[in-house]
Amino acid sequence: MQILITGGAGFLGSNMVKYLLEMGHTVTAVDNLVTGVAENVALHLQNHNFEFVKMDMCDENFVKTFSDTSKYKFDRIYDFACPTGVPNIAPEKLGELMLDTCTIGVRNMLLVARAHKATVFHASSAEVYGEPLVTPQSESYTGNVDSLGFRAPYEEGKRVAESYIRLYAQKYGINAKIIRFFNAYGPNYSIVDLRIIGKFITQALRGEPLTMHGDGSQNRTFCYVDDSIRGLELVMEKGVSGEAYNIGGVTTTTVREFADLVLELTGSKSPIQSTERPSHDHSGRTPDLSKITALGWKQEVSLKDGLALTIADFKRRLGQK
């Protein structure tokens, strides 16, 4: 198959590039490198089945370039594009680009999909649930989101993106699937990302204090990237067009427990330092996984094993043995 991946130099996108190339597909990856990292795809540049294009999917040239059916014959489009990181949501940082990517960019991607009659995958997020009032969160839960809150550019952006996916599936017959990721992690996760996965690992490896919001009683679930990709492919093969599927870890872990595990696996003597908890920091999210498990998915990589692999990758990139 010939495949287009947006956000191909980001964490999930670059892991998807690697997987698809190993499966023998032809892959074109697009990324504006705002939060994506060129090194994540550099190893593939010698592969004749791989092409990397630095471009913003909000650019009008995106549609013109990739709708050219004389050059491309895309069977599938995997849409991972969107700036990440809670601090980046701030208006003076990447908040506007998040909204643009989730609206203009997603519409541009869907126009390309129409030109090729391609099947679409869209990477959404547990952020669509906001600060949930029910636990666990099923795909039918409409969420508790503040359209004027600090997280709105990302939360509302992802919600609008899902609406676009659903609309194009219903109006134009695009075969389009959505996954709401709950804290995917693994190799190529950003070293400079300030969410707890990248932040805690980097701080521990550098011997710096692990800065934890509040007392760490907030809960999270974590899903290793290989499990995430297996679920993604199941949804692409068996999922219903226009619908969303949760994917995440089956076990709930507090932020404090996660910090302790990072210290154990790194052997770090870093202290855990409690900092003021931001008002927008969610108390927890837990996915209802019954919909994706009905497709045959199950988590295979434990948090401890997956985190050990992730730490090894961080050490390599930080130049540590």
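The values are calculated or read from the model by the stated rules, or taken from the named source; none is laboratory data. Small disclaimer: the values here were computed from a predicted structure and weren't measured. Every residue, glycine among them, receives a Cβ derived from its backbone with ideal geometry; neighbour counts consider all protein chains shown. For the accessible areas, the whole protein counts, side chains as well, though only heavy atoms, and no ligand, DNA or RNA atoms are used. Shrake-Rupley method; radii C 1.70, N 1.55, O 1.52, S 1.80 Å.
Return yes when Lys315 is surrounded by 14 or more Cβ atoms within 10 Å (Cβ to Cβ), in contact (Cβ under 8 Å) with a residue 12 or more places away in the chain and assigned to a helix (DSSP H, G or I) and no when it is not. Give the derivation first.
Details: surrounded by 14 or more Cβ atoms within 10 Å (Cβ to Cβ): yes; in contact (Cβ under 8 Å) with a residue 12 or more places away in the chain: yes; assigned to a helix (DSSP H, G or I): yes.
Judged against the criteria, Lys315 is a match.
Look at segment 66-110 and say how many of its residues are buried (at least 16 other Cβ atoms within 10 Å of the Cβ) and assigned to a helix (DSSP H, G or I). Break it down into steps so the answer makes sense when it comes.
Initial filter on segment 66-110 (buried (at least 16 other Cβ atoms within 10 Å of the Cβ)): 66-67, 72, 74, 76-86, 88-89, 94-95, 97-110.
Within this subset, residues satisfying the condition of being assigned to a helix (DSSP H, G or I) are 66, 86, 88-89, 95, 97-110.
Residues that pass the stated criteria total 19.
Limited to segment 285-312, what total is found for residues that are closer than 29 Å to Glu155 by Cβ and either of a type outside the set (Val, Ile, Thr) or surrounded by fewer than 12 Cβ atoms within 10 Å (Cβ to Cβ) (or both)?
Qualifying residue count, segment 285-312: 14.
How about segment 111-159: which of its residues are open to solvent by 50 Å² or more (accessible area, probe 1.4 Å) and in a loop (DSSP other than H, G, I, E, B)?
Scanning segment 111-159 gives Lys117, Glu131, Leu133, Val134, Thr135, Pro136, Ser140, Thr142, Asp146, Ser147, Leu148, Phe150.
Does segment 25-54 hold any residues that are surrounded by fewer than 16 Cβ atoms within 10 Å (Cβ to Cβ) and of a type outside the set (Asp, Glu), and which are they?
Listed by number, the residues that qualify are Leu33, Ala38, Ala42, Leu43, Leu45, Gln46, Asn47, His48, Asn49, Val53, Lys54.
Do you know which residues across segment 167-225 are within 23 Å of Arg277 (Cα to Cα), among the charged types (D, E, K, R) and touching a Gly at 6+ places or on another chain (Cβ under 8 Å)?
Of everything in segment 167-225, those that are within 23 Å of Arg277 (Cα to Cα), among the charged types (D, E, K, R) and touching a Gly at 6+ places or on another chain (Cβ under 8 Å) turn out to be Asp193, Arg195, Arg220.
Ala176 - would you say it is buried (at least 23 other Cβ atoms within 10 Å of the Cβ), in contact with a Phe, Trp or Tyr (Cβ under 7 Å, 6 or more places away or on another chain) and over 18 Å from Asn246 (Cα atoms)? Give the steps one after another, and end with the answer.
Values: buried (at least 23 other Cβ atoms within 10 Å of the Cβ): yes; in contact with a Phe, Trp or Tyr (Cβ under 7 Å, 6 or more places away or on another chain): yes; over 18 Å from Asn246 (Cα atoms): no.
No: the conditions fail for Ala176.
Just to be sure, is Glu243 closer than 24 Å to Val134 by Cα and modelled with pLDDT of 95 or more? Please lay out each step first, then the result.
Working: closer than 24 Å to Val134 by Cα: yes; modelled with pLDDT of 95 or more: yes.
Spelling it out, Glu243 is indeed closer than 24 Å to Val134 by Cα and modelled with pLDDT of 95 or more.
Any residue in segment 272-291 that's closer than 19 Å to Gly85 by Cβ: show its pairings with residues that are among the β-branched types (Val, Ile, Thr) at Cβ separation under 6 Å, as long as the two are six or more apart or on different chains.
Cβ pairs passing all conditions: Thr275/Thr211.
Taking Met1, is it open to solvent by 50 Å² or more (accessible area, probe 1.4 Å) and aliphatic (A, V, I, L, M)?
Considered against the rule, which asks whether it is open to solvent by 50 Å² or more (accessible area, probe 1.4 Å) and aliphatic (A, V, I, L, M), Met1 comes out as yes.
Within the set of pairs 6 or more residues apart or between chains, which connect a residue that is in contact (Cβ under 8 Å) with a residue 12 or more places away in the chain inside segment 35-60 to a residue that is loosely packed, with under 14 Cβ neighbours inside 10 Å and not in a loop (DSSP other than H, G, I, E, B) with Cβ atoms less than 9 Å apart?
Correct list of pairs: Ala38/Lys54; Phe52/Ala42; Met55/Asn61.
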